[in-house]
Amino acid sequence: MMLLRFQSFLRFDSLNPSRMPESPSSFGRSPALTKSAFNRNVVENKNDKKKASICTADELHYVQVEKSEWRVALWRYLPSPQAPSRNHPLVLFSGVGTNAIGYDLSPESSFARVMSSQGYDTWIIELRGAGLSTQEVDFGYKNDPLDSLSQRKDFYVKDGKYGAHAYKDDGSFSITRGLSSFSGTQKRYDLAGRIRDFMEKLVNIIEEAERASPARVFDMHIGISTALKDIQKQLDLMAKYDWDFDHYLEEDVPAAMEYIKDKSKPKDGKLLAIGHSMGGILLYAMLSRCGYEGKDSGLASVTTLASSLDYTSSKSSLKLLLPLTEPAQVLNVPVIPIGPLIAAAHPFATNPPYILSWLSPQISAADMMQPTLFEKLAMENFETVPAKLLLQLATAFHEGGLRDRSGKFFYKDHLSKSKVPVLAIAGDQDLICPPDAVYETVKLIPEPLISYKVFGEPGGPHYAHYDLVGGRWAADQVYPCIIEFLGRHDAVETS
């Protein structure tokens with residue numbers, strides 16, 4: 001078993017927290033300043049009580065990732081004592097550039113809580129760079145995203161108090177903690193220039209699509225400009241954002257899985273796993289790699305939600321962003337600001353004159369999410385990611401599908417060698433990972449091991465990319481399918 005430097009963990013009341021009252025609408029403020037992704041301040045270490053007030057799980061754990069400075073965060077939801085006893089813990093993997101919030105959006109919309117209520121010891125992994133994961137940096141401080149989480153306008157906490165933030169008289173959002181000063185080296189200025197050039201290219205793409213309302217696009221320029229100012233303040237930390245998909249697969253995931261096994265102690269040493277979007281891609285890649293190497297994956301079953309190893313034959317909307325990969329490489333941009341860009345775009349997608357109305361369906365189908373929960377998801381769930389990560393994931397849109405960093409190992413080529421049962425779920429109106437993309441991977445898995453389901457009816461409800469996790473009807477339609485599959489494969493094999 002891998003030797004891990006286990007970190008101390010926190011435990012607090014398992015009572016379901018009450019949801020915070022809504023804050024004023026984000027429209028009219030600078031969206032970038034409400035987004036945690038670029039507020040990874042260099043701050044003093046926070047005490048455990050503060051972390052407990054932010055995390056809405058029953059326990060918050062950390063595990064050191066070997067060969068790196070990162071500690072990944074693990075949100076744990078203890079099984080309900082009224083539920084049947086289960087043999088395996090359940091681990092949840094999130095999508096690219098997202099944190100644990102997507103699985104625990106509110107007490108009334110919590111995938112993780114539903115699973116723990118079924119008796120599963122449920123864990124959410126926040127991979128490096130996401131949510132409460134932390135990094136030790138060279139100048140004696142800890143890069144603690146906890147500080148950014150405490151600045152969220154709508155997080156719900158155990159003690160019923162907001163984090164350290166305030167609204168200014170002009171309606172903009174002000175961070176009350178100051179950043180530590182940085183030295184203005186030429187390297188940082190060059191880095192800022194590369195990010196600025198990249199973001200300008202992205203804005204140009206948006207302008208081409210939205211020339212009908214130039215005034216609103218100008219407003220978006222202001223939001224992007226504000227985000228850039230935040231970026232410049234964080235450049236010393238962003239230089240550390242230097243990882244790809246294989247780092248997750250080979251380092252973060254094994255460390256987290258070994259830790260969970262140590263704490264939950266399944267009799268057969270296996271876990272049940274569910275992955276949404278990139279989380280499902282990670283699980284597919286793990287099965288493929290283990291099949292190729294003839295190793296046991298340590299998984300009793302896998303459920304993927306809106307995931308595929310090969311998007312080449314589909315009409316995925318992400319293909320529209322492929323032109324950005326070339327300038328990202330040419331400009332040597334180290335990070336892609338997914339979170340701030342979504343936060344900056346959100347008001348223009350949900351308020352008149354709706355010039356970016358095409359963005360909302362990328363996340364959720366019409367009437368599938370309450371507006372307040374959709375806003376929280378858009379403003380708080382997404383993070384900044386390294387360009388190297390997205391560039392590797394972009395190989396899934398080229399012939400042969402996703403490949404490793406060497407470009408020589410195609411993950412889909414060895415998926416058929418896995419012996420792990422898989423439930424693959426797609427949404428009928430998923431524009432990011434359409435059903436045909438999901439099926440492109442499904443067809444590679446031997447018939448006895450694969451179960452495939454597309455959710456959505458001609459007359460509604462319909463399911464877009466996130467709706468499979470937190471849509472209005474997911475608890476009634478999607479969750480039972482998953483729970484039945486988990487139950488079938490929770491039994492411990494005896495020899």
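What to note about this one:
- Extension gain from Asp367 to Cys481, taking 0.36 nm per residue of separation minus the Cα-Cα distance: 38.9 nm
- Pairwise FRET efficiency - Ser313 versus Asp242, Cβ, R0 = 25 Å, nearest 0.05: 0.20
- Spin-label model, Glu69 to Asn87: label points 7 Å out along the Cα-to-beta-carbon direction sit 4.4 nm apart.
- Estimated FRET transfer efficiency (Phe409, Leu78; beta-carbon r; R0 45 Å; 0.05): 0.75
- With a cut-off of 14 Å between beta carbons, the residues surrounding Gln477 carry a summed charge of -3, where Lys and Arg count +1 and Asp and Glu -1.
- The range 80-133, accessible surface, carbon-and-sulfur percent (1.4 angstrom probe): 47 percent
- With Cα atoms defining each centre, the range 453-489 and the range 264-281 are spaced 19 Å apart in the structure.
- For a label point 7 Å along the Cα-to-beta-carbon line of Asp268, residues of the range 53-94 with backbone N under 13 Å: 87-89
- Cβ-placed point charges (K, R +1; D, E -1), dipole of the range 361-495 about Cα centre in debye, nearest 20: 600 debye
- The Cβ shell under 11 Å around Pro89 holds other residues with a net charge of +3, Lys and Arg each +1, Asp and Glu each -1.
The values are calculated or read from the model by the stated rules, or taken from the named source; none is laboratory data. Just so you know, these numbers come straight off a predicted model, no measurement behind them. Heads up, the Cβs are rebuilt from the backbone with ideal geometry, glycines too, and the neighbour counts pull from every protein chain shown. Accessible surface areas use protein heavy atoms only, side chains included; no ligands, DNA or RNA. Shrake-Rupley method; radii C 1.70, N 1.55, O 1.52, S 1.80 Å.
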